[in-house]
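Step one of this worksheet: look at the structure below.
The values are calculated or read from the model by the stated rules, or taken from the named source; none is laboratory data. Keep in mind it's a predicted model, so treat the numbers as computed, not measured. Note that we place each Cβ from the backbone using ideal geometry, even for glycine, and neighbour counts take in every protein chain shown. Side chains included, ligands, DNA and RNA excluded: accessible areas come from the protein's heavy atoms. Shrake-Rupley method; radii C 1.70, N 1.55, O 1.52, S 1.80 Å.
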Amino acid sequence: MSDNTYEGQIFSRVFSRADTIRLLLVEDNPGDVQLIAEHLSTIAEFSFDLHRVGRMAAIDAAFGAGEFDAILLDLNLPDSTGITSLQTLRRTHPEKPIVVLSGMVDDEIRRQAFAEGASDVIDKNDAGRGALARSVLYAIARTRIQRPADPDAGSVLDVDPSAVIVTDLQGKVSFANDAAARFFGCDSGDLVGSELGIATEDGETVEIDAIADGQRRVGEMRSVRVGWRDEQSVLNVVRDVTEQRLLREQLNEAQKFEALGRLAGGVAHSFNNMLAVLMTAVDLLYDAVEDCGPAVPILGQVERASQRAAAITRQLLIFSQSSRAKPVPVPLNDLVREDITLLGRLIGADIAIEAHLDDMVGSVWVDPVQLEQVIMNLVLNARDALPNGGTITLETRPIDLVDKNVHDLAPGRYASITVQDDGTGMSEKVKAHVFEPFFTTKTPEAGAGLGLSTAYGIVSQASGAIAVASELGEGTTFTILLPADAPEVEDEPADTDHRVALPSGSGTVMVVEDEADLRHIICHSLMGAGYDVVEAADGLEALRVVATGETPIDLLLTDVVMPGLGGYRLAERMDKRHPGLRVIFMSGYADVTAHVPKLTGPNAFLDKPFGQRALLGLIRDVMSLSSGAT
């Protein structure tokens, strides 16, 4: 470590190069002893003499044989565990700096250790690269500057990276280093002579807040009584933990949304099962009623409601990250018009929505549910920027990009969607972070900072781009560009017309589904289409049925996620027993498709929810493949 480095300036004023720093290590694990010795050797300019004892009871004898500059303490020892070890050591050797070592450091251990007088708390897993050695040197340096005879105390503390403030016993500041000035957002000279205004006990650690450069800072301040320039004083050392707190809050948010995502995914999966029952039942009822009967339009309403409900469950699955994108040709203007109808109910009566839709904009190749989510996020953000009302404008138009463009997109024709508001606008600083996860200018109750980052991810996945333009007081414009080379949307294929006969076939299908209502209606549908059916409630029951050998199976139709034995493991075991078996997997979870096993026979995947026509059509297609095809 050179004297020109940050730490070098500090340590060269406290330690002589000829000094040997004697440390007492209280550690019972020989492997950790060796690792700690290696960590201390990483700063070659200082010589550490490490003496080790394995029990608390051996500490007094060690001090009887010689003095030590500091103590390294493992909290879990054969004759003492936890914070009790630190408390005992502080009572017997209160003047010695103690660095606590632990294999598992959490916030509570850190808080308790500082409250009991530890100089630092180091996770053994993070002690390398000089971290432990520097912590020990800083701890000893702080102890040495408490001596009244030390003339260089102030200069040492000036280059300490922690904020250090010395006050008299009444709380009046007599010294503040540069780090303290940075933490509190002022000059160190302004702090001297002022009242600290924070009452602490000797050895106590408290959390404090400060505003510096318009940003909130969080610190952990430990206070100890010291001798300072021949006066009894209080040494306050503030560790800036702003970044750690921010990271912890973001991790908490991530864990919260992960839990909500799992809940949403589970709800959506259950809903998909119920919707599959409903949609298949509608198809069956269409065949049971006359084409011109009064029930037909009612069934049409039920069918459309089921499809809309399926789209809502897909939004839940997108939120839970359990749904993959399903790009299809989407008439962009039609989608925007439908969204405006829905959004008008969400933004409030004092905000107007205007639409300028270019008729030359055709279709884009995108997942319509995901694009709806993007537009909704942008409009709701625009609403929040209009606390006193205003106007939100949605515009579409075609645009041609040349070889080089600011969006770094491939040249070609694109469809542009803009969402513009005349609200409060954004600063340059906010714009620079607006698409980052968890970045938000809202209160924690109003938003988690995930809407725009999600929008960015969806648009990028669709091979498009999203950009923002804004100035404070001048409103904000978000622009989305999506490839506009999607094929034109044709009328619905003939095989979805309920007047066309349902696909039929022959052979034996084993249906494995743990949701009883769905299993029963699938079996009913298959038998009506000419198939023989064998059913099982889960994978284990399916194996027991197959083991009897009474009925050869031509196709296995199985749910993926089931209790006991899931669909993938069932398919693998049946494939070994019957090589070349045809398999169709069903699931409402999209993420399971990444783990489809390799089978010897043809296989396919059917997303829930589905109707009878989609089910029978896929079975017909897979049954037409030769056994053993891939």
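Some notes on this structure:
- Checking each residue in the stretch 102-145 for being surrounded by fewer than 18 Cβ atoms within 10 Å (Cβ to Cβ), under 15 Å from MET221 (Cα atoms) and within 28 Å of the chain's Cα centre (by Cα) picks out ASP107, ARG111.
- Members of the stretch 146-189 that are at pLDDT below 75, in contact with a Lys or Arg (Cβ under 7 Å, 6 or more places away or on another chain) and surrounded by 18 or more Cβ atoms within 10 Å (Cβ to Cβ): VAL156
- Among the residues listed as LEU565, LEU581, LEU543, LEU556, the single one being modelled with pLDDT of 95 or more and more than 30 Å from GLY300 (Cα to Cα): LEU556
- Subset tally (residues that are open to solvent by 40 Å² or more (accessible area, probe 1.4 Å) and outside any loop (DSSP other than H, G, I, E, B)) for the stretch 91-101: 2
- If the condition is being of a type in the set (A, V, I, L, M, F, W, C) and assigned to a strand (DSSP E or B), then the stretch 188-227 contributes VAL206, ILE208, ALA210, ILE211, ALA212, VAL218, MET221, VAL224, VAL226.
- Number of the condition not met by SER41 [criteria: (1) of a type in the set (Gly, Ala, Ser); (2) surrounded by 16 or more Cβ atoms within 10 Å (Cβ to Cβ); (3) in contact with a Phe, Trp or Tyr (Cβ under 8 Å, 6 or more places away or on another chain)]: (2)
- The set of residues in the stretch 400-418 that are open to solvent by less than 40 Å² (accessible area, probe 1.4 Å) and either in contact with a Pro (Cβ under 9 Å, 6 or more places away or on another chain) or more than 21 Å from GLU338 (Cα to Cα) (or both) comprises LEU401, ASN405, LEU409, GLY412, TYR414, ALA415, SER416.
- Among (1) at pLDDT 80 or above; (2) in a helix (DSSP H, G or I); (3) within 27 Å of LEU50 (Cα to Cα) - the single one ARG134 does not satisfy: (1)
- Residue list for the stretch 112-131, restricted to those being of a type outside the set (A, V, I, L, M), under 27 Å from GLU201 (Cβ atoms) and in a helix (DSSP H, G or I): GLN112, PHE114
- Those residues of the stretch 28-58 which are under 20 Å from ILE140 (Cα atoms), assigned to a loop (DSSP other than H, G, I, E, B) and under 39 Å from the mean Cα position of the chain (by Cα), in sequence order: SER41, THR42, ILE43
- Index of the failed condition, ALA62 passing every other in (1) in contact with a strand residue (DSSP E or B) (Cβ under 8 Å, 6 or more places away or on another chain); (2) over 27 Å from THR20 (Cα atoms): (2)
- Within the stretch 6-27, if we keep just the residues that are at pLDDT below 65 and open to solvent by 50 Å² or more (accessible area, probe 1.4 Å), the residue that is farthest from the chain's Cα centre (by Cα) turns out to be ALA18.
- Yes/no for ASP538 being under 19 Å from VAL596 (Cα atoms) and touching a Lys or Arg at 6+ places or on another chain (Cβ under 9 Å): no
- Apart from one condition, GLY423 fits all of (1) at pLDDT 85 or above; (2) farther than 19 Å from LEU335 by Cα; (3) part of a helix (DSSP H, G or I); the exception is (3).
- Checking each residue in the stretch 59-90 for being of a type in the set (Asp, Glu) and either assigned to a loop (DSSP other than H, G, I, E, B) or surrounded by 20 or more Cβ atoms within 10 Å (Cβ to Cβ) (or both) picks out GLU67, ASP69, ASP74, ASP79.
- For first residues located in the stretch 378-399 and under 13 Å from ILE351 (Cα atoms), partners that are outside any helix (DSSP H, G or I) and of a type in the set (Lys, Arg) and lie 6+ apart or on another chain with Cβ distances below 9 Å form the pairs ASP384/LYS442.
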